[in-house]
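**Q** Would you mind keeping the following structure in view while I ask a few things?
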Amino acid sequence: MNVLSLPAGTVARADGGAPHPWLVADIGGTNARFGWVSGAGTKVEHVRTLSCADHSGPAEAMQAYLAALRAERGDLFLPPRAAAWAVATAVADDHVMLTNSGWSFSRQAVCSQLGLHTLRVLNDFEALALALPHLQPAQRQPIGPTPEPMPGSALAVVGPGTGLGVAAVVPVAGQWVAVPGEGGHATLAAADDHESAVLAAARREFAHVSAERLLSGIGLPVLHRAAAAVDGTVADELTAELIVERGLGGTDAACGRTLDLFCALLGSFAGNVALTTGARGGVFIGGGIVPRLGQRFFDSRFRERFEAKGRFQPYLQAIPTWLITDTLVALTGAKAALEVMSPRCGD
């Protein structure tokens, strides 16, 4: 059985009814990725990545994307009628403020500014979760053993990027339904005395040490400082990029230890997510950090720690884990979200 298929007897999703063409976006704390859906049944095309720092807000970034697309396509260009934005924050009402960015916007104001018929705004990991059932083998790489997943079970994704996203998707009445949340802000747990000491050191800097506080782009420098404090040294003030570069290059042993600790803690946290969501169909690792670690990640203790849950180790051993290697899959999830539900501007 295809590990990402629905149980027997399920049906395909219905189109949400939004008029084409569609614009889809994955808007994070650092970059905003845009793509184009020209018609029903077509794939996401014309993908471009824009730096958030270069634009005052998501609407302005979208306008820059559209201007470039208009110049490229000429008379073939049509303005988008509908859009789906996957954003790196919780989405509750009309006003949306990104967690790790200065960007904020009003859904209704964006509809008016851009002349949209439909705008769907959803959490970025809700979109990523919706993309999981559609991943092809070329878009994922197994982490450790690949046991046969339990048919008709939930799938989950954990993604260390600028922040740390968590979501799941479950089969319900013939459709994949995303379960978004803010799991990255759950309290991080230690699995041994050394990790307890590291978390205690981090708590001297932050009252609450969440998973995101250590397992993300904003968290790696905190993890580096805390690990150095436990070793009795003072860490250099380094960005996440430099910690990864020095750790992989072998030029800084402390950075190497930070990366190894990161992988172990991430494995333990991902195992917690699997237990919490019942993701017996598989757990996926997304985000931009882990792909940069290359073989060091696959040689790490991630899978060992994913399974290390005492009496429930057999439960975790039966769950496959994958690394998402395609950084643009959230755009596919945004497209899927627009197919399922297409809220009209003004509703």
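**Q** Highest mean first, how do 139-146, 336-343, 22-29 rank when packing is the count of other Cβ atoms within 10 Å averaged over residues?
**A** 22-29, 336-343, 139-146
**Q** Please report, as a whole percent, how much of the solvent-accessible surface of the range 223-337 comes from carbon and sulfur atoms (probe radius 1.4 Å).
**A** 51
**Q** Right, something else. Can you work out ³J(HN,Hα) from phi for every residue in the range 94-100, in order, using Karplus 6.51 cos²θ - 1.76 cosθ + 1.60 and θ = phi - 60°, giving whole Hz and x for Gly and Pro?
**A** Values, residue by residue: 5, 8, 10, 10, 5, 5, 10 Hz.
**Q** Sketch the reach of a paramagnetic label on Ala138 as a point 7 Å from Cα along Cα-to-Cβ, and name the residues of the range 41-61 whose backbone nitrogen lies under 15 Å away.
**A** The answer is 43-45, whose backbone nitrogens lie closer than 15 Å to the label point.
**Q** For Leu164, which sequence-distant residues (separation of 5 or more, or a different chain) have an amide H within less than 5 Å of its own amide H, given hydrogens modelled in the peptide plane?
**A** Counting only residues 5 or more places away or on other chains, the set is empty.
**Q** Before rounding to the nearest 500, sum -39500 (n - 2.57) across all DSSP H runs of length at least 4 in the chain and divide by the residue total; then give [θ] at 222 nm in deg cm²/dmol.
**A** Computed mean residue ellipticity for the chain: -10500 deg cm²/dmol.
**Q** If you roll a 1.4 angstrom probe over the protein chains with everything in place, what fraction of the accessible area of the range 32-148 belongs to carbon and sulfur, to the nearest %? Let's see the in-between values first.
**A** Details: 2700 of 5310 Å².
On the range 32-148, the fraction of accessible area on carbon and sulfur atoms equals 51 percent.
**Q** What FRET efficiency do you get for Ala190 and Ala67 if R0 is 41 Å and r is their Cβ-Cβ distance, rounded to the nearest 0.05?
**A** My answer for the efficiency is 0.25.
**Q** Using 0.36 nm per residue, how much length does the chain from Arg204 to Gln113 gain when fully extended, once their Cα-Cα distance is taken away?
**A** Value of the extension gain: 28.2 nm.
**Q** Take Arg81, project a point 7 Å from its Cα along the Cβ direction, then tell me which residues of the range 18-47 have their backbone nitrogen under 17 Å from it.
**A** Residues 18-24, 36-43 qualify, since their backbone N sits under 17 Å from the label point.
**Q** Assuming a ≥ b ≥ c are the square roots of the Cα gyration tensor eigenvalues, decide whether the range 19-67 counts as rounded (a/c under 1.5), prolate (otherwise, with a/b larger than b/c) or oblate.
**A** The shape class here is prolate.
**Q** With just the Cα atoms defining each centre, how far is the range 148-166 from the range 266-309? Give it in Å.
**A** Distance between centres, Cα-based: 9 Å.
**Q** A follow-up question, please. Would you please give the residues with an amide H less than 5 Å from that of Arg344, counting only those at least 5 places away or on a separate chain, with H modeled from the backbone geometry?
**A** Correct list: empty.
**Q** Something else about it: Mind sorting out which of (i) 63, 48, 34; (ii) 102, 38, 37; (iii) 67, 44, 38 is the real Cα extents along the principal axes in Å computed from the coordinates?
**A** (i)
**Q** Provide the percentage of antiparallel DSSP beta bridges, counting only those with both residues in the chain; round to the nearest 5. Working shown, then result.
**A** On the way: 31 of 49 bridges.
DSSP beta bridges in the chain are roughly 65 percent antiparallel.
**Q** Residue by residue through the range 286-301, which ³J(HN,Hα) values in whole Hz follow from phi under the Karplus form 6.51 cos²θ - 1.76 cosθ + 1.60 (θ = phi - 60°), with glycine and proline marked x?
**A** For the range 286-301, the Karplus-derived couplings read x, x, x, 7, 4, x, 6, 7, x, 5, 4, 5, 5, 8, 7, 8 Hz, x marking Gly and Pro.
**Q** Still on this model: I'd like to verify something in the chain: which complete DSSP H helices, judged by Cα projection on the helix axis, reach 18 Å or more and average at least -1.0 on the Kyte-Doolittle scale?
**A** Taking the DSSP H segments of the chain (at least 18 Å long, mean hydropathy at least -1.0), we get 58-73, 253-277.
**Q** Further, regarding this structure: Under 5 Å between amide hydrogens, which residues at least 5 positions from Phe284 or on another chain qualify, with H placed 1.01 Å from N in the peptide plane?
**A** Residues meeting the amide H criterion: Ala156, Val157, Val158, Trp322.
**Q** Sort by residue number and report every cysteine in the chain with no other cysteine beta carbon within a distance under 4.7 Å.
**A** Cys52, Cys255, Cys263
**Q** If you don't mind, there's one more thing I want to ask. Just the accessible area per residue of the chain, please: how many Å² with a 1.4 Å probe?
**A** The answer is 42 Å² per residue.
The values are calculated or read from the model by the stated rules, or taken from the named source; none is laboratory data. As the structure is a prediction and not an experimental result, all values here were calculated from the model. Glycine also receives a Cβ, built like all others from the backbone with ideal geometry; neighbour counts cover every protein chain displayed. The accessibility values were calculated without ligands, DNA or RNA, using every heavy atom of the protein model including side chains. Shrake-Rupley method; radii C 1.70, N 1.55, O 1.52, S 1.80 Å.
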